[in-house]
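Encoded as structure tokens, the structure appears first; notes follow it.
The values are calculated or read from the model by the stated rules, or taken from the named source; none is laboratory data. Remember, predicted model here, so these are calculated numbers, not experimental data. Reconstructed Cβ throughout: ideal geometry from the backbone, glycine too, with neighbour counts over all protein chains shown. All accessible areas refer to the heavy atoms of the entire protein, side chains included, with ligands and DNA or RNA removed. Shrake-Rupley method; radii C 1.70, N 1.55, O 1.52, S 1.80 Å.
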Amino acid sequence: MNDIMIEMKDVVFEYKSYIEDEILVAVNKVNLTVKKGEFLVILGHNGSGKSTLAKMMNGLLIPTDGDVNVMGINTKDEEKIWDIRQKAGMVFQNPDNQIVATIVEEDVAFGPENQGIPQDEIRKRVDDALEIVEMSAYKKHAPHLLSGGQKQRVAIAGILAMNPDCIIFDEPTSMLDPSGRTEVLQTIKKLNQEQGKTIILITHYMDEAVQGERVVVMSKGEIKLEGSPKGVFKKVDKIKELGLDVPQVTELAYELQKSGININEDILTIEELLNVL
Amino acid sequence: MIIKIDNLNYVYNANTPFEKKALDNINLEVEKGEFIGLIGHTGSGKSTLVQHLNGLIRVQSGSLYIDGFDISKKETKLKKIRQKVGLVFQYPEYQLFEETIYKDIAFGPRNLGLNEDEIKARVIEAMDIVGLDYETLKERSPFELSGGQKRRVAIAGVVAMKPKVLVLDEPTAGLDPNGRDEILAEVFDLFKKGGITVVLVSHNMEDIAKIVSRILVMDKGKIVMDGLPRDIFKRRQELEDIGLGIPQITKFMQEYKARGHDINSDILTVEEAKEELIRYLRGNENA
Amino acid sequence: MLKDITIGQYFPGETIIHRLDPRIKISIIVMFITSLFFVNRFFPYIFIVAFILIAISLSKVPIKFIIKGLRPLMFIILITFLINVFMTKGEVIFTLGPLSVTKEGLSQATFMALRLVFLVTGTSLLTLTTSPISLTDGIEELLKPFKRIGLPSHELAMMMTIALRFIPTLLEETDKIMKAQMARGADFESGNIIKRAKNLVPLLVPLFVNAFRRADELAIAMEARCYRGGEGRTRLNELKLDKKDIGIFASMALFFLFILSTRFI
């Protein structure tokens, strides 16, 4: 019981469409448990409901039906909403639209300031957080002069400074260039491995999904596939049907297998395929 | 020759401490009907070069001819150039502004001074090219659409100007695999119809490998590589040194060959790799 | 052109002026502006000029920077000067057609123009030596006593911070949208004023739509970071007055009191 970070039970999220007067279902009866320390990837195409699911994990959205518990606290409990948000931090897609202050360190301090943390403690947390994301040198810089990857790392530091147990990343790399994506992904892995943070990464990039311990594939508001990256990506046809990619080498292995060439292992990387062939 | 660039240089903030050389002696010739992939990391000068092509940035030194017109000359009417070179910026959906999709796509053609019948014909054609249904969508507001659909409207807005050169800056940024494949396929279909030269700016080698006929690689304001995709991808080390990569499948084939397997590593797609490997592996079995 | 406006721009430094508590700096500027409008003759301007020059040299902000800040306002200063030159009655020096220049007019015009120059120099010196963040902190602190009468000091300061944070982002965005529309043949440079205003629609609509979208996303991000208003908030950099701040404030208060008193001599 104690090793559960987030638990979702029969979660439904409905909303009213602005355009036509109808009720749409973004998330339909999802059951999902995230363990402490886990690196979970939620993969899905645009409009699959993955972002809505993520926003329900820290009470930014409240399910219309079912329950979400964050470390045992129900997100419907309005009195504890700030505890939930402290425990489950969230990093968003657009780095520009989540940085509040005009100086990097002031921005990182924003969360702990809101929590009413004493000044000395804020200073320590800000310095530590910037150190972890390797942005200490930019402490006094103006955020708008940083690269996309750097801005996103500042945003991550801002969440880290709140001392969360879990960080939810809502498509954190989709607006970045390749080097920015690498920087951010490395930071995320570091947070999981070195800081022991529970990570939930929402993405539509398969090369990011293969980094996780467990992958959940969403489509039309439902979980369609779930398992280890290897277990999920070997279902090449199914993944493609859901509008997603698999790594090129995985696809190649799959195609070769279909043509009668015996490859009896699941392949995710170049190295793995080289060793089999 | 549709684009001809000689000794083009561009410096930002000249004579200040923030001086930055964005283009360093660019020479380039592009023939009609080429499909160019322009690659480089952020800050390599791609955007600056592309904005020169339709006169959004004026030539500081060197010369630049588009379809025979010298745009470095002050007298050249920029309107004429902008009609020849259509530029689709990154995240173009953030520039939509009209009440209806029809009006938004018609904005460019209208600025060209075309008559109403011609405008309508062009909107219909452009919507068809990007896969938007004219009848159901023409009166809808562009702001009601999904991200991918909005982007199509924005691309149609440039396509409707019937440029001779279509430049697309990261047209698939932020889209999911389906959205990305659809947009690339639409651009490729448009290209195949003929009469148009396309410049596709991208970070994504795998996208580029599939469709372009020639790759330009930029780094620090210079064009450092220029050639066929197959030839460019052979220079993997050089590409990695400037922070770029090659498609995973090409990389795999190169490494497989390096392990002593006698295969052709000139591979751009999974399909090609599969055929080559089957040929090789079957050959081994029979031997 | 937008880049030329120095008001609101920060020139980083570690001088005594930079380190002065923002509340003190703002108070001094308020006293400075009050005395500018209170003074009614040339003689006390000597002290004002001395004050400005000393402050500039202590702040190590290059004079060039300050002059650059005046440039966009030259037009307003010139208009003020001309109105005063021609509109003041008195001893005529010479006439230009229907307009006549008087001795009183010339002196009044110079006086008013100088007042504007001093005003702009003083306030831009404040913003050049105070980072936007400490400026807003200072304003927030100074306005706190007015909270009782319903003035939302924290909210005002928060809005200012966010506005400052997003100015560069929005400028960049404006530039991008403008270029994108120009690529579609939009024309922002020619035509009469009505046509030009109409031509701005393709620029302004996306700019507003995007600003609303940004505001929405920012609000969600702030909520996720536990923002719930000013109540119970602590600060990373709490403002603290030291002896030097108080000393400087006291001597400046005396100085401006003296300038004010010149009106009654």
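Some points to look at:
- Remark: segment A:177-193, residue by residue, has Karplus-estimated 3J(HN,Hα) of 7, x, 5, x, 5, 4, 4, 5, 5, 5, 4, 4, 4, 4, 4, 6, 7 Hz, where x stands for each Gly or Pro and the curve is 6.51 cos²θ - 1.76 cosθ + 1.60 at θ = phi - 60°.
- Amide H partners (placed H, <5 Å) of residue B:225, local residues excluded: B:217
- Taking the C-alpha atoms only, the angle from helix A:119-132 to the longest principal axis of chain A is near 30 degrees.
- Phi angles of segment A:223-234 translate, via the Karplus equation with coefficients 6.51, -1.76, 1.60 and θ = phi - 60°, into HN-Hα couplings of 7, 9, 9, 7, x, 6, x, 4, x, 6, 6, 5 Hz per residue; Gly and Pro are given as x.
- For segment C:172-206 versus segment C:17-62, the gap between their alpha-carbon centres in whole angstrom: 41 Å
- Rounded Å value of the spacing that divides the Cα centres of segment B:189-250 and segment A:216-249: 29 Å
- Ordering of B:174-184, B:156-166, B:95-105 by packing [mean C-beta count within 10 Å, highest first]: B:156-166, B:95-105, B:174-184
- Considering only beta bridges that DSSP places wholly inside chain A, some 50 percent are antiparallel.
- Tensor-based shape of segment B:247-287 (alpha-carbon gyration tensor, a/c under 1.5 rounded, otherwise prolate or oblate): oblate
- Straight-distance crosslink candidates among aspartates and glutamates, where the alpha carbon sits under 20 Å from residue C:176 and sequence neighbours closer than 8 are dropped: A:96, A:177, B:93, B:98, B:104, B:169, B:170, C:4, C:187, C:189
- Karplus-based coupling profile of segment A:51-62, in residue order and whole Hz: 6, 4, 4, 4, 5, 7, 6, 10, x, 6, 10, 10, with θ = phi - 60° in 6.51 cos²θ - 1.76 cosθ + 1.60 and x standing for Gly or Pro.
- For the protein assembly as shown, the equivalent ellipsoid derived from the Cα gyration tensor has semi-axes of 53, 37, 25 Å, listed largest first.
- Estimated FRET transfer efficiency (residue B:258, residue A:240; beta-carbon r; R0 35 Å; 0.05): 0.70
- Ordering B:148, B:127, B:106 by Cα displacement along the dipole of segment B:70-194 toward the positive end leaves B:106 in first place; charges were set at the Cβ atoms of Lys, Arg (+1) and Asp, Glu (-1).
- Membrane-span-like helices in chain C (whole DSSP H runs, Cα extent of at least 30 Å along the helix axis, mean Kyte-Doolittle hydropathy of at least 0.0): C:103-129, C:153-183, C:201-224.
- Counting only Cα atoms, segment A:156-265 measures 53, 30, 26 Å along its principal axes, largest extent leading.
- Ranking by accessible area, most exposed first, for B:122, B:140 with a 1.4 Å probe: B:140, B:122
- Pairwise FRET efficiency - residue C:242 versus residue A:17, Cβ, R0 = 45 Å, nearest 0.05: 0.15
- Remark: mean inter-chain Cβ contacts per residue of A:89-97 equal 5, using a 10 Å Cβ-Cβ cutoff to other protein chain atoms.
- With R₀ set to 30 Å, the beta-carbon distance separating residue C:187 from residue B:12 gives a calculated FRET efficiency near 0.75.
- Summed buried accessible area for A+B [probe radius 1.4 Å, Å², rounded to 100]: 2700 Å²
- Contact order relative to length of chain A, as percent, for alpha carbon pairs under 8 angstrom and 6 or more apart: 22 percent
- Computed with a 1.4 Å probe on the full set of protein chains, the accessible area for residue A:205 sits at about 50 Å².
- Legend: residue pairs A:50/B:150; A:139/C:240; B:192/B:257; A:151/A:240; A:151/C:25, Cα-Cα distance threshold 25 Å; pairs beyond threshold, B:192/B:257; A:151/A:240; A:151/C:25.
- Gyration tensor (alpha-carbon) shape descriptor, chain C, a/c threshold 1.5: oblate
- For chain B, the mean projected area of the C-alpha convex hull, equal to one quarter of the hull surface, is 18.0 nm².
- Highest mobility in the GNM of chain A, judged by mean-square fluctuation with C-alpha springs under 10 Å and restricted to A:144, A:45, A:204, is found for A:144.
- Long-range HN-HN contacts of residue B:32 with modeled amide H, under 5 Å: B:2
- DSSP beta bridges fully contained in the protein assembly as shown are about 55 percent antiparallel.
- Accessible surface, per residue, of segment A:212-272 when the full set of protein chains is kept, probe 1.4 Å, Å²: 43 Å²
- Rounded if a/c under 1.5, otherwise prolate or oblate - segment C:46-159, Cα gyration tensor axes: prolate
- Cα-projected label distance for residue A:10 with residue A:76, points at 7 Å along beta-carbon direction, nm: 1.1 nm
- Added length on full extension, which subtracts the Cα-Cα distance from 0.36 nm per residue, residue C:80 to residue C:100: 5.6 nm
- Gaussian network model of chain A, springs between alpha carbon atoms under 10 Å - residue of A:16, A:55, A:220 with greatest fluctuation: A:16
- For segment C:50-90, the Kirkwood radius over C-alpha pairs fed into Stokes-Einstein at 10 °C and 1.306 mPa s yields D = 129 µm² per second.
- Principal-axis analysis of the Cα atoms of chain A puts helix A:248-258 at an angle of about 20° to the longest axis.
- Separation in nanometres of the label points that stand 7 Å from Cα toward Cβ, at residue C:73 and residue B:226: 5.2 nm
- Based on Cα contacts under 8 Å between residues 6+ apart, chain B shows a relative contact order of 21 percent.
- Of the solvent-accessible surface of chain C, computed with a 1.4 Å probe and all protein chains present, 72% belongs to carbon and sulfur.
- One Cα centroid belongs to segment B:110-134, the other to segment C:212-265; the line between them spans 56 Å.
- Chain A: angle of helix A:104-114 to the longest principal axis, Cα-based, in degrees nearest 10: 80 degrees
- Threshold 40 Å², segment C:222-243 residues less accessible with all protein chains present than alone (1.4 Å probe): C:223, C:224, C:225, C:226, C:228, C:233, C:234, C:235, C:236, C:237
- Exercise: per-residue mean of other protein chain Cβ atoms within 10 Å, B:267-273: 3
- Interface A:C - total buried accessible surface [probe 1.4 Å, Å², rounded to 100]: 3200 Å²
- Estimated inter-spin distance, residue C:156 and residue B:61, nm [label 7 Å along Cα→Cβ]: 5.3 nm
- Comparing A:218, A:175, A:71 in a Gaussian network model of chain A (Cα springs below 10 Å), the most mobile by mean-square fluctuation is A:175.
- Signed unit charges on C-beta, dipole axis of the protein assembly as shown, positive-most listed residue A:66, B:72, C:230: B:72
- Backbone amide hydrogens, once placed in the peptide plane, bring residue A:90 within less than 5 Å of A:168, excluding anything fewer than 5 places away on its chain.
- Mean partner shielding of peptide A:45-56, defined as the number of other chain Cβ atoms within 10 Å of each residue Cβ, is 2.
- Sequence of A:92, C:146, C:255, A:169 from largest to smallest accessible area, 1.4 Å probe: C:146, C:255, A:92, A:169
- Note on segment B:247-287: with charges restricted to the Cβ of Lys and Arg (+1) and Asp and Glu (-1), its dipole about the Cα centre is near 140 debye.
- Contact order, relative form, for segment A:122-277: 14 percent (alpha carbon pairs under 8 Å, 6 or more residues apart, mean separation divided by residue count).
- Fraction of antiparallel bridges per DSSP, segment B:3-246 only, in percent to nearest 5: 50 percent
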